[in-house]
């Protein structure tokens, strides 16, 4: 399940987070279409228009590959 939260490069030199972390409690946040939500403390951050369209293009590409 760690592959859902982190991305490790091929040389094992750089690890990047794939999910956003909550600024209040430092746990991972759920990624909804229009917002990020923390299930632990209830913090919600709304996405900008750019983030919304960025998410759409990923889902279209994934649908084409299937």
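The values are calculated or read from the model by the stated rules, or taken from the named source; none is laboratory data. All values derive from a computational prediction rather than experimental measurement. Virtual Cβ from ideal backbone geometry, glycine too; neighbours counted across all protein chains shown.
Taken over segment 1-54, the residue count meeting the criterion of being on the phi > 0 side of the Ramachandran plot, modelled with pLDDT of 85 or more and more than 15 Å from the chain's Cα centre (by Cα) is 1. Pairing residues of segment 34-63 that are closer than 12 Å to residue 22 by Cα with residues that are modelled with pLDDT under 85 and in a loop (DSSP other than H, G, I, E, B), at Cβ distances under 7 Å and at least 6 apart in sequence or on separate chains, gives no pairs at all. The set of residues in segment 5-33 that are touching a strand residue (DSSP E or B) at 6+ places or on another chain (Cβ under 9 Å), loosely packed, with under 11 Cβ neighbours inside 10 Å and not in a strand (DSSP E or B) comprises 9, 14.
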